[in-house]
Structures are given as C-alpha cells and as structure tokens.
Amino acid sequence: MKKWTHSKLLMTAELEYKLIEVRERVDTLLAKQRAARLEHNKIKHVKKKSVSKQPESVKPLDLKNYQIKRIGQNSTK
C-alpha cells in the first residue's frame, strides 16, 4: 500500500506541476490576445480619426438647381 500511496503522491505532484505550466501558458496567451485586441482598437481609432480629418473632395455647386423658376406672368404673387 505504501508504494501505491507514494506513486499516487508523485503523480499528483506531476499533475500539479503540469497544471501550473498550463495555467501559465493560458495566462500568457490571454495577455497576448488582450494586447493584440488593444492594438487593433488603437489602430482602428487612429484610422477613424485620420479619415474624419481628411477633407472630402468638393464638387462645385450647380446653382441652376437652386434658382427660382418663373412660370407665367403671375409668378410673383
């Protein structure tokens, strides 16, 4: 029975060690993911700013569309 208990303790210790390694890897991956998301959001924000700052191409106004068209003699009434 002592051998079984001793091997069980060793196995438990190994599993705990592996669990710690896995948790560290997960923490590292989550940190990388968080950093990438923040970087993506920062780039997205800068792109929105730069797009909003650029002036749009100005088309000349066609004033004919805005002129009052007279219809007949009584157009002033």
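Worth pointing out:
- Sorting the segments 28-40, 57-69 by their mean number of nearby beta carbons within 10 angstrom, highest to lowest, gives 28-40, 57-69.
- Around Leu30: net Lys/Arg minus Asp/Glu count, Cβ-Cβ under 14 Å: +3
None of the figures in this text is laboratory data; all of them are computed from the coordinates on show. These figures come from a predicted structure and were not determined experimentally. All Cβ positions, even for glycine, are placed from backbone atoms using ideal geometry, and neighbour counts span all protein chains on display.
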